[in-house]
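Q: My questions all concern the structure below.
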Amino acid sequence: MHVVFSSCSNCIASLRGDTFAILLAAYHPALRILGISTAWGNASLDKTTYNAASILTAIGKANEIPIYVGASKALFRPPMHPPTDIHGESGIDGTELLPKPTVQPTTTIPAIDAMAQALKAEPPGTAWLVATGSFTDAAAMFLKYPELASHIKGLSLMGGAIGNGFTNAVLGHVEGVPRIGNWTQYAEFNILADPEAAASIFSNKTLAAKTTLIPLDLSHQVLATEEVRSLLLYGPNGSATISKPKSKLRVMLVELLMFFAKTYADVFGITAGPPLHDPLAVAAILSDISDEEHGIPFYDYDPASASGTPPKRERYEVTVVTEGSYEDAQAGARTGQTIAKLLPEGEEGVRIPRGLDIWRFWWALEECVERADRVNAATTAAAANGTE
């Protein structure tokens, strides 16, 4: 059993991705989620916190997973204006099926203190922290509680982009020049949102050796194709020609997925379906499980080096460009760019997978949706019978 505390800061990957990340963490049988922290990102802090509570309500976990309110801005930078032009005013536009939350966040303790308490309560070397937006809360926690770097089992982050052919994923172009980031030509939003937070994590050698980074180079391989959308809507034995969507939850999930499919097609040239980012940071925790039922293989080596020989595990020294403001980044500066340097074989550093078993990932998500459907159906039946 892997133990997880999720820091869902809902930035550019948005609560659309966070929805699936929470779903996977909440319903995968090999995971136990301790709590969720919310923070600023694609909407104001109050909206992102409301959205997280709504998601937990939608998946039937509102009374089981606590929510804590995190950072409202970057560690040292002025507030960034939420990018509502992409995700809408609510931060999670695209569906009318999100329910009104049935729970409120816990406000008696700051998020970073709640995170620290929850992680410390687990045996050493057992708990993971997952961050799927800006790394502000994660960095602030490790700065305040440095002993946790050696206590946790791992830190899994969705953010950054390597570029330069790191994988064969499509990253798009800016004025004819290959792009690396998704928010500027060089920067992925979760890193750009708080580059100092990211830099503080990667410069901590104890923490870096336990860190997995999921960049755009990986997430842009995991596309919600028509086949995937059919699986999520109708289940493994259904289709649009023979059945209706299995549940309102499934319709909501696919609507969230498809909200900015056109943006990915127009800006990045990804036409098969939009990529899914955030849940890969959760799924990466499962890569060390060998059995096919629960494990999701991730490949942390160069496929070109694996032909005919045992693949060589890769680890990286990661640095972040912190010079420049948000405005400088929009004007073309490299602020927020992620730079990865391959370390000598056997040296410890950040793990940056180049690939994964994509269909095993999608099937794991489908299985979690099925479990959520059963919980929601039981809750509905109990309410109808007056036994809830």
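Q: Is one or more of the residues making up segment 327-334 part of a loop (DSSP other than H, G, I, E, B), closer than 22 Å to L216 by Cβ, at pLDDT 95 or above and not charged (D, E, K, R)?
A: yes
Q: Taking the conditions exactly as written (within 21 Å of the chain's Cα centre (by Cα), farther than 21 Å from I358 by Cα and of a type in the set (A, V, I, L, M, F, W, C)), does M252 satisfy them or not?
A: It is true that M252 is within 21 Å of the chain's Cα centre (by Cα), farther than 21 Å from I358 by Cα and of a type in the set (A, V, I, L, M, F, W, C).
Q: Given the structure, is I112 part of a helix (DSSP H, G or I), at pLDDT 95 or above and crowded, with 20+ Cβ neighbours inside 10 Å?
A: The answer is yes for I112.
Q: Additional query: Taking V321, is it more than 30 Å from L207 (Cα to Cα), surrounded by 15 or more Cβ atoms within 10 Å (Cβ to Cβ), among the aliphatic types (A, V, I, L, M) and at pLDDT 95 or above?
A: Against the criterion (more than 30 Å from L207 (Cα to Cα), surrounded by 15 or more Cβ atoms within 10 Å (Cβ to Cβ), among the aliphatic types (A, V, I, L, M) and at pLDDT 95 or above), V321 does not qualify.
Q: Within segment 305-324, can one find any residue that is acidic (D, E), closer than 30 Å to P236 by Cβ, under 23 Å from the mean Cα position of the chain (by Cα) and assigned to a loop (DSSP other than H, G, I, E, B)?
A: There is no residue in segment 305-324 that is acidic (D, E), closer than 30 Å to P236 by Cβ, under 23 Å from the mean Cα position of the chain (by Cα) and assigned to a loop (DSSP other than H, G, I, E, B).
Q: Go through (1) open to solvent by 40 Å² or more (accessible area, probe 1.4 Å); (2) in contact (Cβ under 8 Å) with a residue 24 or more places away in the chain; (3) acidic (D, E) one by one and return the number of the condition D217 breaks.
A: (1)
Q: So which residues in segment 159-202 are surrounded by fewer than 18 Cβ atoms within 10 Å (Cβ to Cβ) and within 24 Å of S7 (Cα to Cα), if there are any at all?
A: Answer for segment 159-202, where residues must be surrounded by fewer than 18 Cβ atoms within 10 Å (Cβ to Cβ) and within 24 Å of S7 (Cα to Cα): just E196.
Q: Identify, please: which residue in segment 341-363 is in a loop (DSSP other than H, G, I, E, B) and aliphatic (A, V, I, L, M) and is, among those, nearest to E227 (Cα to Cα)?
A: Looking at the filtered set, the residue picked out is I352.
Q: Of the residues G346, G295, which single one is small (G, A, S), modelled with pLDDT under 95 and buried (at least 17 other Cβ atoms within 10 Å of the Cβ)?
A: G295
Q: Mind listing just one residue for me: the one in segment 129-151 that is within 17 Å of I109 (Cα to Cα) and over 18 Å from the mean Cα position of the chain (by Cα) and, of those, surrounded by the fewest Cβ atoms within 10 Å (Cβ to Cβ)?
A: Among them, the one singled out is K144.
Q: Residue check: is K205 at pLDDT below 95, open to solvent by 10 Å² or more (accessible area, probe 1.4 Å) and more than 27 Å from V267 (Cβ to Cβ)?
A: No: the conditions fail for K205.
Q: Continuing with the same structure: Out of segment 189-200, which residues are out of contact with any Ser or Thr (no Cβ under 7 Å at 6 or more places or on another chain) and at pLDDT 95 or above?
A: Residues satisfying the conditions are A198, S200.
Q: Here's another thing I want to ask about it. Report whether or not A372 is in contact (Cβ under 8 Å) with a residue 40 or more places away in the chain, part of a helix (DSSP H, G or I) and open to solvent by less than 60 Å² (accessible area, probe 1.4 Å).
A: So A372 passes the test.
Q: Tell me which residues, restricted to segment 358-388, are out of contact with any helix residue (DSSP H, G or I) (no Cβ under 7 Å at 6 or more places or on another chain), of a type in the set (D, E, K, R) and more than 16 Å from A62 (Cα to Cα).
A: Matches in segment 358-388: R360, E367, E370.
The values are calculated or read from the model by the stated rules, or taken from the named source; none is laboratory data. The structure displayed is predicted, hence computed values, not measured ones. A quick note on method: Cβ atoms are made from the backbone with ideal geometry, for glycine too, and the neighbour counts reach across all protein chains shown. When the accessible area is computed, the model is the full protein with side chains, heavy atoms only, and any ligands, DNA or RNA have been set aside. Shrake-Rupley method; radii C 1.70, N 1.55, O 1.52, S 1.80 Å.
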